[in-house]
Each structure stands twice: as C-alpha cells, then as structure tokens.
1. Among 524, 472, 84, rank each residue by its count of other Cβ atoms within 10 Å, from fewest to most, as a rough exposure measure.
2. Could you work out the relative contact order of the chain? I mean the mean sequence separation of Cα pairs under 8 Å and 6+ apart, divided by the number of residues, in percent.
3. For residue 448 and residue 37, what does the FRET efficiency come to when R0 = 41 Å and r is the distance between their Cβ atoms, rounded to the nearest 0.05?
4. What whole number of Å gives the distance from the Cα centroid of region 485-553 to the Cα centroid of region 256-312?
5. Could I have the simple spin-label model distance between residue 514 and residue 461, label points 7 Å from Cα toward Cβ, reported in nm to one decimal?
6. Between residue 412 and residue 557, take the C-beta separation as r, use R0 = 25 Å, and let me know the FRET efficiency to the nearest 0.05.
7. Could the peptides 28-35, 99-106 be put in order, highest first, of the mean number of other beta-carbon atoms found within 10 Å of their residues?
8. Sort 353-363, 412-422 by the packing proxy (mean of other Cβ within 10 Å over each peptide's residues), most packed first.
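Read-outs: derived from the displayed coordinates by stated rules, not from any lab. Here the structure is a predicted model, which means the values were calculated and not measured. Note: ideal-geometry Cβ built from the backbone for every residue, glycine included; neighbour counts use all protein chains shown.
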C-alpha cells in the first residue's frame, strides 16, 4: 500500500477486498468476458420484453450494451496489468477505471435482469444468457475491488438529522393511510386530489432518504478517491497517425451518439445512460481522456473539423427522419445555450428570460419569409436576409432591454429578465388585431413558413447523392450545423479577446474591474447584446425548421424545450464558460425528456435533482477545462496544453 499527499488530504492505493493480485485481475477480466459473451445468448424466452432478447448469436438492445461494457472492462483490466499494445488505454496506471467500467456493466446487466423480472412477472423468465450476464458482471466488480484502487484514507460525513428519519416514518404511514383511505379524513376535501394523485411522492421521499443513508455507508466502505498523477510521456507518433487517432475517436463518438438517439424504448435508453456515464468515468480515471486532450490540443483545426464532419455525417447514418429531426432540434437548442453561455458563463449575468430573444428572431424571420399567415404575406425575402433581420431584431431588443436594466446586479437583474420573457410571450399572444395591433396572429402564431431555398437547392425536398439519401430533416440539420459553426466561432474568438477578458473581470469582481478602468455598464451591455444576437440567429433558423412559430413555444419552463429553465440548466450542467459544455448539456437535457416520456411532467424536479447532484459531485460541470478544475478542486493537475474551450468561470455565476 502506498500513500500520496495532495491538497485534499492523504490518499492511498489499496484494494477494497483482500484478494491476491492475480486472482483479482483474473476475476475482472473473466467477468468482463462472461458479460460480453452473454450478449450472444438468449436473455429471456419471450419476445414480449422490449428489444426481443430471445435470439442466440444475434445481440439486440441491452445485449449490445452488455457486450460493450464487458469488453471495456476486460481491456482496461489488461491495460492496468501492462499488457503490451493496450497501455495507451490506461496511461495513468490507476485501477479505478476498471472499477467504473465494471460498475457500468453491472448496472446495465442487473437493470436488464430486474426489468425482465418486473415486466414479465418473475426471475423465472430469465434465460441462461441473462443469468450469465448478471453473474459475470458481478464477478467483474468483485475482481475490480480486489485491485489496488486510489482511495481516501478517511471519509467524514455529518450524521443525518433525526428529523429525516421522522420524515421517513411519517411518509410511510401517510402512504399506507392514503392508500387505504383512513388518512383522508385528516386532509381538507379541497386538496385531497393533490394527495391521492401523487402517492408516488410518499414512496420516493423515504426511498431518497434511504438511498442517501446507503450511499454514505457504501462511500465509507469503498472510500474511492482520485490521485492526480502526471501522465507519462507518450511515445511520439507521426503527425498523420495522431490525426488518424483523433478522426477514429470522433467516428466512435458518432456511433455512440447515433445509438443513443435511435434508441426506441425507455429501457434501452436508461441502460445507455448508465453505461455511458460509468464508461466516461472509467476513461477519465484511466487517463485515456487526458491523453486524447493532449492530441486535440496539438491538432485543434483537425479536431474541430472532425467534430463537425461527424455531426454532418449523422443524417446519412439514419434510416428514419424522426431521429434526424431530433438531431436538428438538439443543434438548435445547443446553439441557443451556447449564446446564453456568453451572458451567464463569461459575463456572469443571470438571464432568466433568454428564450424571448430566440422568439424575437423566430418571429422577425417568419414575418418576412412569405408565410400566408404573416401580415407581410407578400414579402418573401431570401433566407440569408431573413436570418440577418432576425439577428438584428434580437440585437435591438437586447440593447433596449439591457440599457435600463444592466445597472442592476444579481437576483434583481434575474427578476427583470424573467419579467421580459413573460412580457414577450404575453405580447405575442395579444398582437392579434383584437387585443392589440395585428402583427403576430395571436395564439395561433405564424404557420406555413416556406421551406428554405438557397442557390436552387430546396431544403424541403429529399435529395440523393449517389448511394447517399438526404431527407428534408437532414437538409435542415446541415443548415443548422452551419449556424452552430458560426456561433462556435464567434464564441471562441470573443472569449479569448480583450472584451472577453473584460467580461471575466466584471464577472469575478465588478467593483475591482471598474477601478482598473473597465466600463462595466458598456461591457455588460455588449455581452447582453451579443447573446441576444446569437439567440436571434438560431431562432430565425428554427422558424424555418419547424415551419411555424407560436407564443407557447417560448416559456420560462415547460414539459418540452426550448424554455429558459432548460437553457440555463444546459449551461450549468454542461460547464459554464466552455464551448463543448453547453452543447453536451443541451443534448442530454433534450434527449432525456424525449426518450423518457414519464419525465416530461416532472422536468423541473428532474432538473433540480440533477443540479443538486452535480453541485455535490462535479460543481464545475460535466465538461470543464483545466482552469475550472483548479477553481473548484484544489488539486495538483499535470501540466497540459489548455484546450480550445478552456475559459475560466466563477462558482455560482
């Protein structure tokens, strides 16, 4: 056992289970192989379970996830052993990656087995493949726990307040009483439906308290930590080989994204989220992501090109236009979130009405695009001009709203922007010719917006390029990709410019920045105006993609995006001040409600829980640069080249 001192305290490298090293390694590798092999066997006898897992030699649905998790576990275990040819997969030398990969495989396999048992009424419905997956994944976890892991020497948790245990008991009693009816006599008749219609709450609350207690016990036993080790110098590769590696990684990433978007049922998407989360943690712990970051920092132009090429290839990999439309919407909302990142992540201005600028751009473009429901129905401007008008209209609104309000700070500014968002929606509802001037067609909005036509290319028609087929949604995805590229370029250039550094200074300490000669009001107004312009640009494209705009699309919060709460959550979850963070955050927050329909009624609850967990375990966001990690975690990070989207942020900005 070795000890390493860091700023966070003393860590050690030791196994959780006292197993011989060769036995632990064999169990981890063997368990991963068994889990992967189970994908070629039948998991259940009946096709009634989603995905039809009844075939031998033909993996389907969750079986593909078990195959991927098992292979990743075995490869990371062999790389930890130092097997020649696999050392690149675990450059940090930590065994924590093996444990995380094994836990991801266990989560997928046991979730699948549990779902089969619940939906088909009993474990008797499991075939040998299902049992093999459960046993193999458990064996892999036990083997990983016997490897030398990076662990904390001590874990200190405050004792749970006795009131939480009282809440647990009261919730259980109320659930029983409301279910049987005898507790309803103590509830006023006017609010009884509130209790009887949400009995799940009285189960979820004690379950959450019990899960918290169980997590603390498990955390105290495992004591999993992280020792920051400088990555050893990589074997030098020719430039073309490094470019080939970067390209291959993005090709794999395209396959992962394609699999996630095309999942057809909730069980498969939940399994995908479980494996993706644990797999990402495994690659981070093994140092593979850090090694990739070194390559991308040396080939930034190639990295950017590969990312956009992978996104551009997505519509050609899909056989259904539905999934391509999902990808298009993700790009729209991710682009708007990146614009909000200018305001929130760089300048530190909390804007709760940002979706209104998206609406301004959409309405402005819709009015001049030749819709027969527009008051200017005879005016049909070219698409680039309509987009420019949408962006300029949002810019004007940004300046008009920002000029009198940006002297406010903090919560006061947030309240004003929230009010602006609601005023915009109400105004669009009332500009129908009866409650106000005739401009927006009121609640009905502006429909039948003509398809885009550029240089004779009709985006509303399907096109064939040899053996490749591109449908209407694919056309608009590529168009939105161009808009995303423009917004990314603007963000990257501005963030590293003189005005970008002024935004950071204002965000960190406005008084000190003004004392150093920065015009705080002017700098904040520029940020507000630029963020509004980027949202207006995305809104103009969105109007043509959806073919209609209406006031109910631009709410503060709602069951489906876009809305201001969704956009703000995407920025915070993804990582404030970065480029890739809001893009990933928006993609996740759009996909999760779309794939898990039962979450649509509880979107705010899900966002709140996600933010609480994120602030507890990763306050810098899902994707954070080196500066964000240094700000939120006092650790000694290895000297690395700063990534392209490495822009500093402030806690709670």
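1. Details: 524 25, 472 19, 84 6.
The fewest-first ordering by Cβ neighbours comes to 84, 472, 524.
2. Numbers: 1147 pairs, mean separation 99.7, N = 653.
Relative contact order comes out at 15 percent.
3. Details: r = 55 Å, r/R0 = 1.35.
Computed FRET efficiency for residue 448 and residue 37: 0.15.
4. 28
5. Calculated label separation equals 5.9 nm.
6. Details: r = 21 Å, r/R0 = 0.82.
That gives a FRET efficiency of 0.75.
7. Numbers: 28-35: 25.0, 99-106: 29.2.
Output ranking for 28-35, 99-106: 99-106, 28-35.
8. Values: 353-363: 30.4, 412-422: 17.8.
Final packing ranking: 353-363, 412-422.
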